[in-house]
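J.: Input: one structure, supplied below.
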Amino acid sequence: MRTSTAIFLAILTVGVAAPFGGLYPLFLTKCLAFALFACSFNFFTGNVGLLSIGHAAFFGLGAYVAGHALKVWGITPELALGLAVLVGASLGFVMGGMAIRRQGIYFAMVTLALAQMVYFFCLQAPFTGAEDGLQRIPRGRLFGLLLLDNDLVMYGFVLVSVAGAIWGLQRLMEAPFGQVMLAIRDNEPRAMSLGYDCRSYKLMAFVISASVAAFAGGLKAQTLGLASLPDAHWTQSGNVILMCLLGGLGTAVGPIVGATFIVALEGYLADFGLINIMGLTIDLSTKIPIVIGAIFMLCVLMFRKGIVGEIIDRTKQYLRNAQAPVAAKQVDTLLQK
Amino acid sequence: MFDIPLQVLLGQITIGLVNGCFYAMLSLGLAIIFGLLNVINFAHGALYMLGAFGGYLLLQVFGVDYWWSLVIAPIGVGLIGAAIERLFLRRLAGVDHLYSLLFTFGLAIFLEGIFRDIYGAAGRPYPVPAALRGVVDIGFMRLPVYRIWIVVASLAMCGGIWLLIEKTKLGSYLRAGTENPRLVQALGINVPVMITMTYALGAALAAFAGVLAAPLYQVQPAMGSNLLIVTFAVVVIGGLGSLSGAILSGLTLGVLEGLSKVIYPEVSSTVVFIAMAAILLIRPAGLMGREA
């Protein structure tokens, strides 16, 4: 079985089982949307090796476009989300086209600067509602038939579409296209000398990544009924980097694990409110950025492979010690591709 | 654009020049740090914010005046910078440089989060020191003294650092360390200490800019990241290869921003980004043309 098929089935199985475990569908839906966002980021940065600090632009714009289409134009969700993907792809083409002209840290700075431009656009454009954002976005009727107002129905729709999108990204990595991307990451001059047009491959990967990020943003806006400035802010780009780093950058399931962890943590901190430690009352809900920043630094300092990366390493180490090199290789192909 | 009064035009150009001074100081600090550490310091904005808050707190809590703050806050932030380099960045020297970048990124979120939590997102005013209040008439226009002071002080600071690095013995070690740290170490110069000092110098410069900015803009947690992102665009245009390039492109883009406020105000907040995009299309390697 291909890794992509395995992941697809695993997401569906866990996704179907999760509501029975007492988890709220709305929370799970949010986890899925951010997991897809993290996967889109990982698809580019993890596989091409260039750090993008501008992915919030696609996520945020996707949220605004889908939100506006659902709320003001009142079109069906699949069209609204399709439109978000289209806008995300076009923005990705423009931003990527400029950014891939530079390498390394300059690439990171260019993506951040261009994303800030998109942020200013979101702040000033007439359809984004400025500081208030778009609120009370209706979820609409899927294909004009199925009303998505029920949280569980909405969850089912998001589960299937996110699992499908993640399958698509992973399947691309298994295709020759993905292998060429890895070749470019590992040795660009060599890939070029083999006749691959590295720049178009990078651009194509960036556009795909951007459209999926916009799709994730659209799903988030539709589910929570809100598209606002924090979606497009640079800290959101930081969030998605952290999700991938924590889960394991470049691994197939790492971003999903990392995203779930971060969304759960944010939800936990926000819900917990006030706590009392030794007579000191601390409001946890305002401490989210501090916690995020601290985890970020800890991850970079001592946990660079992330949760899934560490598990893969430990498993391989164990199998190697157990004299099972074939099995170690299978773990490699199954998880790290 | 031809019916704009000269006074308005000149007024906006001076405001742009003041902004440009901040871009110049920050990108100079980024360039110095990048030269020796190969790190793009994402926490640079947070250090600038720390300097501004340092000045604000020195005044509010200890009653220290502006002039002493201008000395104490940079030294304090410089020490914090030295600690950051010693304790954290040094551990990341052996791995991919992107991890150092990500570390400073996390640090920036962390520091901004702390100050937002304690002081809220709203700006806090810092009074202009008595000696620098008022306006001067320079014949064809009237200028607030404080703006003149910013331009003078920051140009003097940038010039001083430029001289330090380009013309002194210490600076020659620094430049040699940028070219080939291992060889410099072999010649008996303590490169690890030099790296710590360099990061501290960059941090102190950012804090100096922060104290200068405190009376002009309000002191608020997000002031650093907002300025830093524009500075990144400046750095992409000017490159990190030369110090004078960093200073010059900072000033030029500040003036360009000021001009755009007169000619087409809608783009004034994004004109630096637009300039960056244009440069990337026309001259992908940047104006100074040295790829890192």
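The values are calculated or read from the model by the stated rules, or taken from the named source; none is laboratory data. All values derive from a computational prediction rather than experimental measurement. Glycine also receives a Cβ, built like all others from the backbone with ideal geometry; neighbour counts cover every protein chain displayed. These accessible areas exclude ligands, DNA and RNA; they are computed on the full protein's heavy atoms, side chains included. Shrake-Rupley method; radii C 1.70, N 1.55, O 1.52, S 1.80 Å.
J.: What's the total accessible area buried between chains B and A, using a 1.4 Å probe, rounded to the nearest 100 Å²?
T.: 3800
J.: What list of whole percents do you get for P(r) of the range A:3-304, with Cα-Cα distances grouped in 10 Å bins up to the one holding the largest distance?
T.: The calculated distribution, bin by bin, is 6, 28, 36, 22, 7, 1, 0.
J.: Compute the signed sum of charges (Lys and Arg +1, Asp and Glu -1) over the other residues within less than 12 Å, Cβ to Cβ, of B:Tyr199.
T.: +1
J.: Here's a follow-up. Kindly identify residues of the range A:262-301 having a loss of at least 40 Å² in accessible area between the isolated chain and the assembly of all protein chains, probe radius 1.4 Å.
T.: A:Pro289, A:Ile290, A:Phe296, A:Met297, A:Val300, A:Leu301
J.: With a 1.4 Å probe and all protein chains kept in place, how do A:Ile311, B:Ile40 rank by accessible area, largest first?
T.: The ranking, largest first, comes out as A:Ile311, B:Ile40.
J.: For chain B, what is the mean residue ellipticity at 222 nm derived from helices alone (per DSSP H run of n ≥ 4: -39500 (n - 2.57); sum divided by total residues; nearest 500 deg cm²/dmol)?
T.: -24500 deg cm²/dmol
J.: Hey, another quick one. Please list, or write none, the aspartates and glutamates whose alpha carbon is within less than 18 Å of the alpha carbon of B:Lys169, excluding same-chain residues fewer than 8 places away.
T.: B:Glu179
J.: So, with a 1.4 angstrom probe, what is the percent of accessible area on chain A that is carbon and sulfur?
T.: Answer for chain A: carbon and sulfur cover 67 percent of the accessible area.
J.: For the range A:3-304, give the magnitude of the charge dipole about the Cα centre (Cβ charges: +1 Lys/Arg, -1 Asp/Glu; no others), in debye to the nearest 20.
T.: 480
J.: Would you compute, for the Cα atoms of the range B:239-283, the largest minus smallest coordinate along each principal axis and list the three values in descending order, in whole Å?
T.: Principal extents (largest minus smallest coordinate, Cα): 32, 22, 12 Å.
J.: Right, next: Heavy atoms only, probe 1.4 Å: what % of the accessible area of chain B goes to carbon and sulfur, would you let me know?
T.: Its accessible area is 68 percent carbon and sulfur atoms.
J.: Per residue and in Å³, how big is the convex hull formed by the alpha-carbon atoms of the protein assembly as shown?
T.: In the protein assembly as shown, the Cα convex hull volume per residue is 191 Å³.
J.: What do the square roots of 5 times the Cα gyration tensor eigenvalues come to for the range A:131-198, in whole Å, largest first, as semi-axes of the equivalent ellipsoid?
T.: Square roots of five times the eigenvalues give 41, 16, 9 Å.
J.: Rounded, prolate or oblate, given the Cα gyration tensor of the range A:47-195, with a/c below 1.5 counting as rounded?
T.: Judged from the Cα gyration tensor, the range A:47-195 comes out oblate (a/c at least 1.5, b/c at or above a/b).
J.: May I pose another question? Nearest 0.05, what FRET efficiency do A:Val16 and B:Ile118 give at R0 = 35 Å with Cβ-Cβ as r?
T.: 0.20
J.: Give the aspartates and glutamates reachable from A:Lys316 as a straight Cα distance under 17 Å; neighbours fewer than 8 places away on the same chain don't count.
T.: Output for A:Lys316: A:Asp332.
J.: Here's a follow-up. With a 10 Å radius around each residue's Cβ, average the other Cβ atoms per peptide and rank B:105-113, A:15-23, highest first.
T.: My ranking of the peptides, most packed first, is B:105-113, A:15-23.
J.: Can you list residues whose amide H is under 5 Å from B:Arg124's amide H, if they're 5+ apart or on another chain and H is modeled 1.01 Å from N?
T.: Long-range HN contacts for B:Arg124: B:Val219, B:Gln220.
J.: Something else: Would you kindly derive the ³J(HN,Hα) couplings of the range B:124-139 from the backbone phi angles with the Karplus curve 6.51 cos²θ - 1.76 cosθ + 1.60 (θ = phi - 60°), listing them in order in whole Hz, with x for Gly and Pro?
T.: These are the phi-based 3J(HN,Hα) values: 10, x, 10, x, 5, x, 3, 5, 10, 7, x, 10, 10, 9, 9, x Hz.
J.: A follow-up question, please. Where Lys and Arg each count +1 and Asp and Glu each count -1, what net charge lies around B:Leu280 among other residues with Cβ under 12 Å from its Cβ?
T.: My count for the surroundings of B:Leu280 gives +3.
J.: Sticking with this one: When the C-alpha atoms of chain B are aligned to their principal axes, what extent does each axis show, in angstrom, from largest down?
T.: That works out to 62, 51, 37 Å along the principal axes.
J.: Can you give me the solvent accessible area of B:Glu179 with a 1.4 Å probe, rounded to the nearest 10 Å²?
T.: Surface open to solvent at B:Glu179 totals about 150 Å².
J.: How many percent of Cα pairs in the range A:1-50 exceed 19 Å?
T.: 40
J.: Taking only protein heavy atoms into account and a 1.4 Å probe, give the accessible area per residue of the protein assembly as shown in Å².
T.: About 42 Å² of surface per residue is accessible.
J.: Further, regarding this structure: Indicate the residues belonging to the range B:99-116 that lose 50 Å² or more of solvent-accessible heavy-atom surface (probe 1.4 Å) upon moving from the chain alone to the assembly of all protein chains, ignoring ligands and nucleic acids.
T.: The answer is B:Tyr99, B:Leu102, B:Phe103, B:Phe105, B:Ile109, B:Phe110 - residues whose exposure falls by at least 50 Å² when every protein chain is included.
J.: How much accessible area does A:Ile100 have with a 1.4 Å probe, in Å² rounded to the nearest 10?
T.: Rounded to the nearest 10, the figure is 10 Å².
J.: Leaving out ligands, DNA and RNA but keeping every protein chain, what accessible area does B:Tyr217 have, in Å² rounded to the nearest 10, with a 1.4 Å probe?
T.: Here the accessible area works out near 80 Å².
J.: Same structure again: Two decimals, Cα atoms only, Kirkwood Rh: what is Rg/Rh over the range A:208-272?
T.: Result for the range A:208-272 is an Rg/Rh of 0.97.
J.: While we're looking at this one, here's another question. Could you work out the longest stretch of chain B that avoids the trypsin sites (Lys or Arg not before Pro) located in DSSP loops with at most 16 other Cβ atoms within 10 Å?
T.: The longest such stretch corresponds to B:134-289.
J.: Once Rh is set to the Kirkwood radius over Cα pairs, what Stokes-Einstein translational diffusion coefficient, in µm²/s, holds for the range B:131-245 at a temperature of 4 °C and a viscosity of 1.567 mPa s?
T.: 77
J.: Name the residues of the range A:115-159, by number, that are at least 10 Å² less accessible with every protein chain in place than in the isolated chain; the surface is that of heavy atoms, probe 1.4 Å, without ligands or nucleic acids.
T.: Correct list: A:Gln116, A:Met117, A:Phe120, A:Gln124.
J.: Related question: Can you give me the Cα centroid spacing of the range A:174-221 and the range B:35-104 in angstrom?
T.: Between the Cα centres of the range A:174-221 and the range B:35-104 lies a distance of 36 Å.
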